[in-house]
């Protein structure tokens, strides 16, 4: 296959070639960035919450008189436990994918000089650790004696369980067991490390902080009331939630069930990530439309070139070129144009990525997206040009003798 | 002459149906995507009070300590302490002024076996209604003396009135909110500015339905109603005594009628900050007085995703336009001989140019029509999104017109290069070739 004649032909159609290359460059740039956005969104939705989502549901009450919260806890715990299908009921301050309750900045020194980031505290009564299904990777399980009474949102001086991600952030490459950290006048000592525990309302500092959670055992009471964690048989969870609402209307008529937060954890998760999934869907739609339009452009221009060069094709055929030679010609031509477009498109992809990084807290585009984008455009180009190329191959050699 | 070009253009477009369809389809897709995202963007970045927004300003002061302060870079806080809000309110330096925050109002219906429910509430002061031109169906707002005397009065929204009183005049009736009785003094007509500009940073959502109840700030606080977003800059015992706590939780709006009044108010704020520094209450000297639209921009009320979608749609349209340029160019080069003949028969370069531009314009018009269909489909999709603003996404007259403007402009831009190439073709070689 000689490339020289193809270049000579393209030089005659400089403008059209340039336009096609430009279109492919833009498509390549948008494709790489959109794919990157889709993958990061989808990865985000697959986050491991660290709890037994399918077997858990939350019931959140508001509007009750805070003075009666101890009494409320007792009534709700005993009543909800009687609902068939409920395996356990515990008091907790928040659940993954629900509203956040104990969000605070922490420091690794008592004076508060070494700010170490914002984390979420899960405060639950002693049974909640087991009910959540948290997976311990180091240290020991919380004991009943670890649960302290609460004056504030966390105990003054508590043994806590941190996630592996948070431990690695606070004390890289050292054993986190027994290490200490502080929030204001509250002091914490690490008693164990958890595999995962996602923050209630996600990581505000980006996806890397989604696992920055601290589990604190505590005694239910005035400061820990109103949100209940139900461990249920997954198949029965909708009915259990219905029954729970009905039960609460009778045992606590002045309390209002917070419908938004009183759901199974599966539902809460689905709602939490709905916007991400939607955005991924929209991006996917745009990519498809984009590739379609690019393919249509290639088909249009290639058809035009085939029609324009019927006589030349006829001459080549008459001089001994085979059908496959003709097909190869158009495919090589397309390959060259797409190559030019991709070179430009990669630069453009990085430029767009820089722009996105400035405005949307996005990480840098990983390099491996570029060959993926390039390959898909080569594939689209070759497929799109195939039709016109086959039509070109069908031009009979006798065409050489006809005038245009 | 124009009709002749039109006839030529239609004939030429008909001759190559596949190519024409491709062009129109691509352009339609690009325009549809653009109009869909622009409609959402316009909805979200629109002016919530068009007749008044230029006169409304949001004063900002900064009671935070010096830690983390960078002169010239740190912006003043978005909300205020109770002390500062009351000082500025009682100074009465503006035509109208009101302080406000959001709350969750537990409403207990009078009917037997109806369960209590939560609604969005605003705790504010008497000038709120006059300053924002809030329309009333029955009754009106409360007075300044109601504010001072902590009167248990409430203004309710139309939808709450419909729900509780079947839409009848409920002024004078009692509403039980957070286990306290409040007397209804006014019922609003539908009022839901988009975005809900007055409570950005105070808690609650930015778009969607309006608030259900409006209560005098002090009366509501006396009834133990919790404030929305609260941000404390010093140690506090509890969140009950917010009025004296070192916490910011109130927003303030003022109405200033001319630029002289704005300048005066700026000077007043700067002076206030200096005074407070002298008293040892403040440490940072910065103040702010953005107008409504500036405040919306500062707060970046439009979600990132929506801006990203709009950017994406324009990128897509650009690709579609380039695609159309390529195809139009191919078409016009193919007609070199026809152009040669026309030129030889006396057509000027201008007439050839005009002829090709008309052809491009027709493609644009068709693309616009198709784009309108795609945009309607797109907006139908948006209305099924789980977003606060979803139900508001409709194509209005101006966006309808914009669709065609975008379509014609895009197609004419796309047509420029091919038309220019066509008109500069030398006629003689084209005639010779045939």
Contact list, first residue from segment B:263-282 and not assigned by TED's automatic domain parsing to the domain that holds residue B:97, second anywhere and part of a helix (DSSP H, G or I), beta-carbon distance below 9 Å, six or more apart or interchain, is none
Note on segment B:1-46: residues outside any helix (DSSP H, G or I) and away from chain A (no Cβ under 14 Å) are B:1, B:45, B:46
Selection from segment B:289-325 of residues in a helix (DSSP H, G or I) and under 20 Å from residue B:55 (Cα atoms) yields B:292, B:293, B:294, B:295, B:296, B:297, B:298
Going through (1) surrounded by 20 or more Cβ atoms within 10 Å (Cβ to Cβ); (2) touching a helix residue (DSSP H, G or I) at 6+ places or on another chain (Cβ under 7 Å); (3) within 11 Å of chain B (Cβ to nearest Cβ) one by one, residue A:256 fails only at (2)
What do you reckon, is residue B:328 in contact with a helix residue (DSSP H, G or I) (Cβ under 9 Å, 6 or more places away or on another chain), part of a helix (DSSP H, G or I) and under 11 Å from residue B:418 (Cβ atoms)? yes
Filtering segment B:311-320 down to residues that are more than 7 Å from every other protein chain (Cβ to nearest Cβ) and crowded, with 22+ Cβ neighbours inside 10 Å yields B:313, B:317
- Test for residue A:361: is it in the same structural domain as residue A:13 (by TED's automatic domain parsing) and either in contact with a strand residue (DSSP E or B) (Cβ under 8 Å, 6 or more places away or on another chain) or at pLDDT 90 or above (or both): no
Restricting segment B:321-337 to residues that are more than 8 Å from every other protein chain (Cβ to nearest Cβ) and at pLDDT 85 or above, the one nearest to the chain's Cα centre (by Cα) turns out to be B:321
Among A:120, A:71, the single one that is outside any helix (DSSP H, G or I) and either within 30 Å of the chain's Cα centre (by Cα) or in the same structural domain as residue A:166 (by TED's automatic domain parsing) (or both) is A:120
Of the residues in segment B:69-90, those that are in contact (Cβ under 8 Å) with a residue 24 or more places away in the chain, part of a helix (DSSP H, G or I) and over 16 Å from residue B:101 (Cα atoms) come to B:87
Regarding segment B:205-223, can at least one residue be identified that is closer than 30 Å to residue B:286 by Cα, assigned to a strand (DSSP E or B), in contact with a helix residue (DSSP H, G or I) (Cβ under 6 Å, 6 or more places away or on another chain) and at pLDDT 90 or above?
yes
* Asked: Is at least one residue of segment B:409-423 buried (at least 18 other Cβ atoms within 10 Å of the Cβ), under 30 Å from the mean Cα position of the chain (by Cα) and assigned to a helix (DSSP H, G or I)?
  -> yes
Flagged in segment B:338-365 as within 14 Å of another protein chain (Cβ to nearest Cβ) and touching a helix residue (DSSP H, G or I) at 6+ places or on another chain (Cβ under 8 Å), in numbering order, are B:340, B:363
- Report whether or not residue B:284 is surrounded by fewer than 18 Cβ atoms within 10 Å (Cβ to Cβ) and either within 14 Å of another protein chain (Cβ to nearest Cβ) or more than 30 Å from residue B:184 (Cβ to Cβ) (or both). no
Those residues of segment A:354-377 that are touching a residue at least 12 places away in the same chain (Cβ under 8 Å), part of a helix (DSSP H, G or I) and in contact with a helix residue (DSSP H, G or I) (Cβ under 6 Å, 6 or more places away or on another chain) come to a total of 5
Among strands (runs of 3 or more DSSP E) entirely inside segment B:102-202, those with 1 or more residues being away from chain A (no Cβ under 14 Å) and surrounded by fewer than 19 Cβ atoms within 10 Å (Cβ to Cβ) are B:136-139, B:174-177, B:180-188
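The values are calculated or read from the model by the stated rules, or taken from the named source; none is laboratory data. Model, not experiment: these values are computed from the prediction. Neighbour counts are summed over all protein chains in view; Cβ atoms, including those assigned to glycine, are modelled from backbone coordinates with ideal geometry.
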